[in-house]
Amino acid sequence: LQTTRVDEEGEKMLHVLVSAACALRPGSLPSGIGASVAVARHAQPSLSASVTELPFAKYHGLGNDFLLVDSRSSKEPPITPEQAVKMCDRNFGVGADGVIFVLPANDDAADCQMRIYNSDGSEPEMCGNGIRCMARFISTLAPSEAKASSDGVYTISTLAGLIKPKLLQDGEIRVDMGQPILQGSRVPTTLPADVDGRVIKAPLSVGGSDFAVTCVSMGNPHAIIFVDDLDAIDLATIGPQIECHEVFPAKTNVEFVQVLSPTHLKMKVWERGAGPTLACGTGACALLVAAVLEGRAERSATVTLPGGDLQIEWREEDDTIFMTGPAVPVFSGVYSVE
């Protein structure tokens, strides 16, 4: 593994070099969003014998880290999910929560397409921190069809639909995350729903403990549980049991939340397909929705994650959720594909 340390001033030039290197090799990366869904959604690519080195750039959003690959010359990711697992390994690979592929647009309304392989090889529908990192990454690439509009907005197609991140002047990225899905059958979950089909404070027993679960989909499923003391939660034990519980047929992301005030929420997350992470953007959006539905919070709040803060707003007038937070470059390099 060959890497080059990036400072803020040299970031753009390094990414141009990475992009140029990609242009000399077959292969590119697609996009996906979220936590884990079936890899079987897409035909899996076979690695070309000529793709032995893969240029990448590493970014993180509040510690939720990703390897970004410029795959605009290809319709499919240049590596398999199994190879992505090796690349994400923190001891024997580069180390990351997932690999994000920037692919050509597959929708007339989109500038480009996003797909993701999680660190366990699964493919999620959507990833909030990942899409902020992707927006920052493609803004540094050589001119292409993936251009932001005049107001700095990209339209990116994902397995969860079209997502629109906007690059702000202060360096933060504000993402139009669309509208939450509240119908339990569409999350999906088989937990009992209310007369409107929503799953709010539904009872769930796991590992000898009883929880009240509110379910929200941001294009990927989330199970939100409010607790009095976040530090008392054994996330490593309870998280995977809820993730894989039979009431979640597509598995689920799991968020434990402590309400510090109506405008300040604190969370820990067990991500489907990745385990405990320092941040989950879609989870932060989902938990604000759950907090509003349970009467615990206002529609605009700071969400504190292990890796830092996100600003989340759920607009009442059009039901749209906005997420604002950072995306930080770490380094660029070339990975030797096995």
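Per the listing Thr320, Thr324, the residue uniquely over 15 Å from the mean Cα position of the chain (by Cα) and open to solvent by less than 40 Å² (accessible area, probe 1.4 Å) is Thr320. Restricting Ile242, Ile238 to those that are open to solvent by less than 10 Å² (accessible area, probe 1.4 Å) and part of a helix (DSSP H, G or I) reduces the list to Ile242.
Yes/no per residue for (1) under 29 Å from Lys166 (Cβ atoms); (2) of a type outside the set (A, V, I, L, M); (3) under 16 Å from the mean Cα position of the chain (by Cα):
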| site | (1), (2), (3) |
| --- | --- |
| Val69 | yes, no, yes |
| Pro81 | no, yes, no |
| Met87 | no, no, no |
| Gly93 | no, yes, no |
| Val99 | yes, no, yes |
| Leu103 | yes, no, no |
| Arg115 | yes, yes, yes |
| Ser119 | yes, yes, yes |
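Got a number for residues in region 219-235 being outside any strand (DSSP E or B) and open to solvent by less than 10 Å² (accessible area, probe 1.4 Å)? Result for region 219-235: 2.
The values are calculated or read from the model by the stated rules, or taken from the named source; none is laboratory data. In this text, all values refer to a predicted model and were calculated from it rather than measured experimentally. All Cβ positions, even for glycine, are placed from backbone atoms using ideal geometry, and neighbour counts span all protein chains on display. Side chains included, ligands, DNA and RNA excluded: accessible areas come from the protein's heavy atoms. Shrake-Rupley method; radii C 1.70, N 1.55, O 1.52, S 1.80 Å.
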